[in-house]
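A short worksheet on the structure shown next.
The values are calculated or read from the model by the stated rules, or taken from the named source; none is laboratory data. As the structure is a prediction and not an experimental result, all values here were calculated from the model. Don't worry about glycine lacking a Cβ; one is built from the backbone with ideal geometry, like all the others, and counts go over all protein chains shown.
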Amino acid sequence: MMVGGAQGLVLVLFMATGYFSVVQGAQCNVTGVWVNTLGSVLKLSLQGSQLRGSLRSSVELYPKAAGDQMTGKLMGLIGQGEQPTFTMSTNWKGGSVTAWVGQCFLMSGCPVLKTMWLLRSKASLDNNWKATRIGEDVFHPQKKCIVNV
């Protein structure tokens, strides 16, 4: 059966509305294992509104800056809603600290964590001016996301 004119437009709008309501009604889940574009591995779990986990960094400013294993324990808080905001921080064994703020987004039905970070390294007063760096990270699920629509 061929659908044309106004009937075709109604059918297309109905199908599009149904698809988007499934995607928009989905909850963006921050728990699990995530990987960023540089290969760092983020493991997150939720305890109420508290985030817990670890980050295995694939980069550091200088050897052992993140510690022998380049892994830091994370703690933070998560907001409410379908695409929640969150904050998390770690104290690296080498003495630096990193704080992230971000949001969990659903992109084509798959979750992605978009974050901004501040890294503060230990420094002398004379080198204070260069001890804080800022950047952004995008984390994707370690397991390939499959959309069930």
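Among the residues making up segment 72-83, those that are buried (at least 18 other Cβ atoms within 10 Å of the Cβ) and either part of a loop (DSSP other than H, G, I, E, B) or at pLDDT 95 or above (or both) are Leu74, Gly76, Ile78.
Looking only at residues in segment 84-95 that are modelled with pLDDT under 90 and crowded, with 18+ Cβ neighbours inside 10 Å, the one that is nearest to the chain's Cα centre (by Cα) is Trp92.
From the residues in segment 98-147 that are within 19 Å of Ser58 (Cβ to Cβ) and more than 18 Å from the chain's Cα centre (by Cα), which one is surrounded by the fewest Cβ atoms within 10 Å (Cβ to Cβ)? Step by step, filter segment 98-147, then rank; the result is Arg133.
I'm trying to understand the selection: among the residues of segment 98-138, which are touching a residue at least 24 places away in the same chain (Cβ under 8 Å) and more than 18 Å from Met88 (Cβ to Cβ)? Answer for segment 98-138, where residues must be touching a residue at least 24 places away in the same chain (Cβ under 8 Å) and more than 18 Å from Met88 (Cβ to Cβ): Leu106, Ser108, Gly109, Cys110, Ser121, Lys122. For the condition closer than 22 Å to His140 by Cβ, at pLDDT below 90 and not hydroxyl-bearing (Ser, Thr, Tyr), what is the one hit in Val3, Val22? It is Val22.
Taken together, the criteria place Leu38 among residues that are farther than 19 Å from Cys145 by Cβ, modelled with pLDDT under 95, under 14 Å from the mean Cα position of the chain (by Cα) and part of a loop (DSSP other than H, G, I, E, B). Among the residues that make up segment 61-71, is at least one of them more than 22 Å from Glu136 (Cβ to Cβ), of a type in the set (Gly, Ala, Ser) and at pLDDT below 95? Checking segment 61-71: at least one residue is more than 22 Å from Glu136 (Cβ to Cβ), of a type in the set (Gly, Ala, Ser) and at pLDDT below 95.
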